[in-house]
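What follows is a short report on a single structure.
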Amino acid sequence: MSSFKDLRIVDNFYQTSSYFPMPTVMISSLAEDGSTSVGSYSLVFPYYIAGKDYYAMVLEARNSSNTAQHLLAGRKHIALNFMPEGPGLNHGHYHKKIVAQGWPGDTPAEKMKNFGFHLEEGLCAAADPSEKRPLVVSEAYQVMECTWMTDLENAEEDIGRVLEDGCYPEPYKNFNGITSKYGCHFILRIDKVLMKPEFYDNIIDGVKAEHWPNVLICHGYRDSKNFWFAPTKRVIPELLPIRNATLSSVRYAADRTDPDVHFTDDALEMILNVPRVFLPTVLKGCVKWAKEHNITEITAVEMKIINDKRSKEKGKD
Ligand SMILES: Cc1cc2nc3c(=O)[nH]c(=O)nc-3n(C[C@H](O)[C@H](O)[C@H](O)COP(=O)(O)O)c2cc1C
């Protein structure tokens, strides 16, 4: 007998048939008059995380929302403002004012009249003033300034399509553009990540729990009444136990990587803690570097240079 019950999967299963933690994001987009319009969203997730020409997020949105309409009008720049919990300016905590930005049907002008946060220029506008960008939310702990990638799945074809009775008829895209009668998906290239200094330092100079943003986790709209939230009061680290390989097993893989490049024992000792699945990639990377530098033997000295190069690349701007 299972210890679980079988729960029916219905529309919006992430909040109707599950407990699913999501970020609380205020999305800024460009309204028709060039002003910044801000709506609340949670279905925003990493899409391309490595191995592509750029990094990307995916947004799932009601296609008649202001945000979707602004993108579908061809104003492709938006900003994802990740919100913490906070004390608020005039009327209560941040989460209260974030829910206020979530009422469907208000025009951007109506919405922005009572906007409870501050707006400022992002960093993309300064880097390229020729492209108009929406402002970003000053209270966010981080912001991703993004561009909708309409070359994926010919999403350009959806630009300029007109709503019919508040929805879109077929045809629909699979993953980028108008994807159903009421829905759309947007693949968003991340142009810049803007980070508040305290949290920037916590990533670059070493991680400490006390310098974590008070990330506001959204658990969705439930009970046909409330949006449910959880502030991040405390994060806990858990050490990943390092499983060192033996020198002979790493030697076995190293000797089979390339006949022209030899690794000394002291070099291999420096990569004993690399998990087995990543070992071939690491060894091939070392061989590639050796060939580029006309080196036939990798000792601890060369391995240190390679490691330093790798950590520099990881931390590069
Ligand atoms: C915390 C929160 C999260 C939300 N997440 C989403 C979402 O991921 N996708 C969506 O289509 N609507 C979501 N909504 C509803 C939108 O906020 C609502 O459709 C709103 O009208 C969008 O604003 P806009 O029309 O200015 O773009 C959310 C609302 C709240 C309060």
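Laboratory data are not the source of any read-out in this text; all were calculated from the coordinates shown. Not measured: the values here are computed from a predicted model. Heads up, the Cβs are rebuilt from the backbone with ideal geometry, glycines too, and the neighbour counts pull from every protein chain shown.
The mean sequence separation of alpha-carbon pairs under 8 Å and at least six residues apart, normalised by the residue count of the chain, gives a relative contact order of 16 percent.
Just checking the listed ones, Lys52, Lys196, Lys97: in the Gaussian network model of the chain with Cα springs under 10 Å, the one fluctuating most is Lys52.
The modelled label-to-label distance for the pair Phe20/Ser138, using points 7 Å beyond Cα in the direction of Cβ, is 3.5 nm. For the range 247-314, the calculated P(r), taken from all Cα-Cα distances in 10 Å bins from zero up to the bin holding the longest distance, is 21, 63, 16 percent. Backbone geometry of the range 93-109 corresponds, through the Karplus equation with coefficients 6.51, -1.76 and 1.60 at θ = phi - 60°, to 3J(HN,Hα) couplings of 5, 3, 4, 5, 6, 6, 5, 4, 7, x, 6, x, x, 5, 6, x, 5 Hz, x marking Gly and Pro.
Couplings for the range 267-280, taken from phi via the Karplus curve 6.51 cos²θ - 1.76 cosθ + 1.60 with θ = phi - 60°, read 5, 5, 4, 6, 10, 5, 8, 6, x, 3, 5, 8, 4, x Hz in order; Gly and Pro are left as x.
Seen against the Cα atoms of the chain and their longest principal axis, helix 300-314 is set at about 0 degrees.
Peptides 148-158, 259-269 ranked from most to least packed give 148-158, 259-269, packing being the mean of other C-beta atoms within 10 angstrom over each peptide's residues.
The distance linking the range 15-74 with the range 274-289 is 37 Å (Cα centroid to Cα centroid, whole angstrom). What Kirkwood Rh does the range 13-231 have if only Cα atoms enter the pairwise 1/r average? Answer in Å. Final number for the Kirkwood radius of the range 13-231 is 18.0 Å. The mean sequence distance of close C-alpha pairs (under 8 Å, at least 6 residues apart), as a share of the length of the range 247-314, puts its relative contact order at 39 percent. Computed extension length for Thr232-Trp103: 44.0 nm, one decimal, from 0.36 nm per residue of separation with the Cα-Cα distance subtracted.
Peptides 57-68, 110-121, 135-146 ranked from most to least packed, by the mean per-residue count of other Cβ atoms within 10 Å: 135-146, 57-68, 110-121.
Multiplying the residue separation of Arg222 and Val162 by 0.36 nm and subtracting their alpha-carbon distance yields 18.5 nm. With no solvent and one equal point scatterer placed on each C-alpha of the range 157-300, evaluate the Debye formula and give log10 I(q)/I(0) for q = 0.09, 0.22 Å⁻¹, two decimals. Treating every Cα as an identical point scatterer, log10 I(q)/I(0) equals -0.68, -1.21. Between the C-alpha center of the range 219-240 and that of the range 98-121 there is a gap of 23 Å.
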